[in-house]
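Participant: The structure that follows is given in the form of structure tokens.
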Amino acid sequence: MNYRPYPFSWAPGAALRHATAVAEWRLREHVTTLCGEVVEPVNTTLAWLWPTCAPCDVEAHRIAGAPMPRRRAAGAR
Ligand SMILES: [Zn+2]
């Protein structure tokens, strides 16, 4: 069983790291994401490093009850 402390899982698909409410997604099966897209999850090292889908990120933070991190201004360190 996967570590799943909140009712969502990350599901890389369509070149973004989406999140889904589906408890256990499977490869080669489509899954609906928190942003409403239907993607075929990919389980490769590069897929897990794809950029996070912004709407899924917001929804995952909402579900977890965690505030969104403040974005740094471009060029700020
Ligand atoms: Zn998404």
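The values are calculated or read from the model by the stated rules, or taken from the named source; none is laboratory data. Worth saying up front: this structure is predicted, and the values here are computed from it rather than measured. FYI the Cβ positions are ideal-geometry reconstructions off the backbone, even for glycines, and counts take in every protein chain you see.
Participant: Inside region 3-34, can you point out the residues that are within 11 Å of the ligand (Cβ to nearest atom), assigned to a loop (DSSP other than H, G, I, E, B) and touching an Asp or Glu at 6+ places or on another chain (Cβ under 7 Å)?
Facilitator: Listed by number, the residues that qualify are A14, L34.
Participant: Now for a different question. List, please: which pairs have Cβ atoms under 8 Å, are six or more places apart or on different chains, and start with a residue in region 1-26 that is at pLDDT below 90 and end with one that is assigned to a strand (DSSP E or B) and surrounded by 13 or more Cβ atoms within 10 Å (Cβ to Cβ)?
Facilitator: Close Cβ pairs satisfying both conditions: N2/S9; A23/S9; E24/S9; W25/S9; W25/A11; W25/V31.
Participant: From A14, A66, grab the single residue that is of a type outside the set (K, R) and on the phi > 0 side of the Ramachandran plot.
Facilitator: Of A14, A66, the one residue that is of a type outside the set (K, R) and on the phi > 0 side of the Ramachandran plot is A14.
Participant: I'm trying to understand the selection: among the residues of region 41-63, which are surrounded by 15 or more Cβ atoms within 10 Å (Cβ to Cβ) and of a type in the set (D, E, K, R)?
Facilitator: D57, E59
Participant: Something else about it: In region 35-64, which residue that is at pLDDT 95 or above, of a type in the set (G, A, S) and assigned to a helix (DSSP H, G or I) is farthest from the chain's Cα centre (by Cα)?
Facilitator: This residue is A47.
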